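Shown next, in structure tokens, is the structure this report addresses.
The values are calculated or read from the model by the stated rules, or taken from the named source; none is laboratory data. This is a predicted model, so every value here is computed, not measured. All Cβ positions, even for glycine, are placed from backbone atoms using ideal geometry, and neighbour counts span all protein chains on display.
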Amino acid sequence: MVTASNSSQPQGTGGASSRPCWSCEEDVNLRASFCHQCGVIQPPLPMDHFSRLGLPRNYDLKDDDLERQYFGFQRSFHPDRFAGKTPREQAISMEYAANINDAYETLRDPLLRAEYMLRIEGHEVAGSNGDTVEDPALLMEVMELNELIVGADTLDQLMPLVERTNAEVLASEIALGVVFAENDIERAANIALRLRYMKRLSDQARQSAAALQSGRGN
């Protein structure tokens, strides 16, 4: 069940448990998004994407849980619900909606979710800032796969590459669930890097296959 409160202490609150309502100045619990006294929406506080959607901070998220939480919070804070409210309430609801959308778009994508969890732990995936990736074995594998994809000019050549890269993506996602559960952040960073490359190759292979199929249809 979705509620208008969040399951963890908001970030940057200095241990406080309440704040004054901007409208009536009554104390409002930090976990509450609406004033208990006057019912006015309160500005969102800084928190991670998982807390924003009332979810545990796990890599392995059930799609049904993510969808349910997302749509539940969207219903609570959608700007249409505040069309007749004051300009400040409308602005606050839009901020909530933007934060909720950002959280959802990040957590629904396995690669973005992994990179986000790594950033929470103070890690950036190698290569994300233009730095050199120091994994010669991975780079060689990626180069060889890329050459095979680029050089493939028939579906018979491409479809095995589509299946291979799809399998590599799935294997990396499964491995990430394991290492994040073990809190092995270094291994998670390495696997996330592999996932990034394999996902890119998978997309490339599927697009090439789709282009060949389209040409055949013509």
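Every residue, every condition in (1) in a loop (DSSP other than H, G, I, E, B); (2) within 24 Å of Asp63 (Cβ to Cβ); (3) at pLDDT 95 or above, yes or no:
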{"position": "Val125", "(1), (2), (3)": "yes, yes, no"}
{"position": "Glu134", "(1), (2), (3)": "yes, no, no"}
{"position": "Leu145", "(1), (2), (3)": "no, no, yes"}
{"position": "Arg164", "(1), (2), (3)": "no, no, yes"}
{"position": "Val179", "(1), (2), (3)": "no, yes, yes"}
Single unsatisfied condition, Ile92 versus (1) in contact with a strand residue (DSSP E or B) (Cβ under 9 Å, 6 or more places away or on another chain); (2) modelled with pLDDT under 95: (2)
Positions within the range 186-211 being aliphatic (A, V, I, L, M) and either touching a Pro at 6+ places or on another chain (Cβ under 8 Å) or surrounded by fewer than 17 Cβ atoms within 10 Å (Cβ to Cβ) (or both), in sequence order: Leu195, Ala210, Ala211
Neighbours by Cβ (under 7 Å, 6+ apart or cross-chain): first from the range 41-59, within 18 Å of Val178 (Cα to Cα); second assigned to a helix (DSSP H, G or I): Pro56/Phe50; Arg57/Phe50; Tyr59/Arg113; Tyr59/Ala114; Tyr59/Met117; Tyr59/Leu176; Tyr59/Gly177; Tyr59/Phe180
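Going through the range 96-107 one residue at a time, which ones are surrounded by fewer than 21 Cβ atoms within 10 Å (Cβ to Cβ) and in contact with a helix residue (DSSP H, G or I) (Cβ under 9 Å, 6 or more places away or on another chain)?
Taking the range 96-107 and keeping what is surrounded by fewer than 21 Cβ atoms within 10 Å (Cβ to Cβ), we get 97-99, 101-102, 104-106.
If the condition is that a residue be surrounded by fewer than 21 Cβ atoms within 10 Å (Cβ to Cβ) and in contact with a helix residue (DSSP H, G or I) (Cβ under 9 Å, 6 or more places away or on another chain), then Ala97, Asn99, Asn101, Asp102, Tyr104, Glu105, Thr106 are the ones that fit.
If the requirement is being outside any loop (DSSP other than H, G, I, E, B) and over 13 Å from the mean Cα position of the chain (by Cα), which of these qualifies: Tyr96, Tyr70? I'd like the intermediate steps shown before the answer.
Details: Tyr70 fails: over 13 Å from the mean Cα position of the chain (by Cα).
Only one candidate qualifies: Tyr96.
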Failed criterion for Ala181 (all others in (1) within 19 Å of Leu201 (Cα to Cα); (2) loosely packed, with under 13 Cβ neighbours inside 10 Å hold): (1)
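Of these, Ala152, Ala137, which one is of a type in the set (Gly, Ala, Ser) and either under 13 Å from Tyr197 (Cα atoms) or not assigned by TED's automatic domain parsing to the domain that holds Leu195 (or both)?
Details: Ala152 fails: either under 13 Å from Tyr197 (Cα atoms) or not assigned by TED's automatic domain parsing to the domain that holds Leu195 (or both).
Exactly one of Ala152, Ala137 is of a type in the set (Gly, Ala, Ser) and either under 13 Å from Tyr197 (Cα atoms) or not assigned by TED's automatic domain parsing to the domain that holds Leu195 (or both), namely Ala137.
Which ones in the range 46-67 are in a loop (DSSP other than H, G, I, E, B), among the aliphatic types (A, V, I, L, M) and farther than 13 Å from Ala98 by Cα? Quick ask: steps written out before the conclusion?
First, the residues of the range 46-67 that are in a loop (DSSP other than H, G, I, E, B): 46-48, 53-62.
So of that shortlist, the ones also among the aliphatic types (A, V, I, L, M) come out as 47, 53, 55, 61.
Within the range 46-67, Met47, Leu55, Leu61 qualify.
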Residue list for the range 76-92, filter: without any contact (Cβ under 8 Å) to a residue 40 or more places away in the chain and closer than 18 Å to Glu105 by Cβ: His78, Pro79
Checking Asp64 against (1) farther than 27 Å from Ile185 by Cα; (2) surrounded by fewer than 14 Cβ atoms within 10 Å (Cβ to Cβ); (3) at pLDDT 95 or above, the condition it does not meet: (1)
